[in-house]
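Working notes, beginning with the structure itself.
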Amino acid sequence: MNYRELLTRLGFTALSVIMALGVTGILILALGGDPIAVFETTWSGAFGDMKRTASVFNFWIPLTLGAIGLIITFTAGLWNIGVEGQMMMGAVFASYAARTFDLPSPLLIAVAIAMAGFGGMLWGVLVGILKTRAGVHEIFGGVALNALANTFAIYLIAGPWQPPEGGSAQSTPPFPEASWLPVISDDFPVNVLMLGITLVSIFVVTGLLYGTRSGLQLKAVGKNPRSALLLGIPTERMMLLACAGCGLLAGLAGSYRVLHTYQSLRPLVSGGIGFLGLLIVLLAAFRPVITPLLTFALAAIIAGSTRVKVLLQLDQSLVGVLQGLLVLAVLLMAGVRERFSGKEKNT
């Protein structure tokens with residue numbers, strides 16, 4: 001990609017964001033609100049003090065892990081819809097470790113995180129096996145495994161792991177404090193270990209895709225698996241490895257939700273983060289370098305939107321409207337950019 005093409009891409013991306021914000025502003029006016037007040041309140045809700053900024057990071061960590069994992073499978077040509085289930089299984093495995101093992105806090109946390117990664121990887125590999133060995137499309141396999149993971153978690157919460165006072169489908173009892181992820185400070189409650197794991201994951205996946213033979217093989221499989229197979233690339237193994245890598249990162253994201261955000265296991269503990277990761281990956285056009293910036297922006301919007309509802313009495317679903325408009329605007333600008341680039345090449 002040359003310098004002019006990069007500037008063109010950035011320009012069309014900025015235009016799509018401006019378009020989405022403009023349409024959202026018009027909708028807010030139609031609802032009787034003040035667009036400037038909404039945007040200012042959203043900014044204050046995300047960055048008004050250290051605790052609010054920490055809430056942005058606490059959402060950014062699992063969202064980025066899930067999105068970076070999805071880039072691996074999308075690069076291999078796999079529409080991995082099963083990341084929600086992989087996060088849930090990571091959360092279940094981390095919960096098992098937190099509830100079962102009596103270990104010193106640092107060791108217990110390490111074991112819980114490792115088990116979460118294994119649980120998510122196991123669920124991801126199942127999607128790959130269904131795809132490569134049984135011919136089940138990854139979308140259908142992923143959706144089915146999502147449902148199974150959520151059902152299994154609800155069974156554990158309402159059954160074997162129910163509170164002592166009786167069955168409840170709301171949450172397990174809080175985990176022992178030894179399993180809670182330590183925070184930087186009370187004013188900035190973010191865990192350094194998982195923040196570091198997220199940053200390392202970004203660099204590792206970027207280096208893997210752009211600087212290794214395996215990355216080239218993944219791209220070849222994603223472009224045309226039949227041609228890749230004829231060239232001697234083990235397509236099935238690469239697909240399974242992609243699913244395993246995505247599941248590993250999704251499982252780590254699930255561990256953050258149960259060991260830090262809630263400190264217990266709850267139904268649908270992922271909070272839709274997996275599906276938001278799909279949105280981010282599509283917006284980033286499968287580029288891992290841009291992905292963390294987009295996840296941070298989305299995390300800030302979601303964190304700040306809670307104050308919009310409280311202070312301005314506007315529905316928090318405006319955030320979902322903004323997300324949808326942003327996707328439509330990006331897709332529209334992508335089509336315009338392709339036509340614009342095509343005309344330039346023809347002249």
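Rule-based calculations on the coordinates, nothing more; no lab input. Only a predicted model underlies this, so the values are computations on that prediction, with no experimental measurement involved. All Cβ positions, glycine included, derive from the backbone under ideal geometry; neighbour counts span all protein chains shown.
With the simple spin-label model, which puts each label point 7 Å out from Cα in the Cβ direction, the Phe203 to Val17 separation comes to 2.5 nm.
Peptides 275-282, 43-50 ranked from most to least packed by the mean count of surrounding Cβ atoms within 10 Å: 275-282, 43-50. Once the Cα-Cα distance is subtracted from the 0.36 nm per residue extended length, the Ile36 to Lys223 segment shows a gain of 62.9 nm. Helical runs (DSSP H, four residues minimum) scored at -39500 (n - 2.57) apiece and divided by the length of the chain put the mean residue ellipticity at 222 nm at -25000 deg cm²/dmol. Does the chain come out rounded, prolate or oblate by the C-alpha gyration tensor, with a ≥ b ≥ c the root eigenvalues, rounded set by a/c under 1.5 and, if not, prolate when a/b is larger than b/c and oblate if not? It is oblate, given that a/c is not under 1.5 and a/b is not larger than b/c.
Against the empirical curve 2.2 N^0.38 Å, the C-alpha radius of gyration of region 187-278 lands at a ratio of 1.37. Helices in the chain that qualify as membrane-span-like (whole DSSP H runs, Cα extent of at least 30 Å along the helix axis, mean Kyte-Doolittle hydropathy of 1.0 or higher) are 3-30, 50-75, 105-132, 235-256, 291-312. For the pair Leu328 and Ala285, label points projected 7 Å from Cα toward Cβ lie 2.2 nm apart.
Does region 90-248 come out rounded, prolate or oblate by the C-alpha gyration tensor, with a ≥ b ≥ c the root eigenvalues, rounded set by a/c under 1.5 and, if not, prolate when a/b is larger than b/c and oblate if not? Note, shape of region 90-248 comes out oblate.
Once the chain from Phe101 to Glu177 is taken as fully extended at 0.36 nm per residue, the excess over their C-alpha distance is 26.1 nm.
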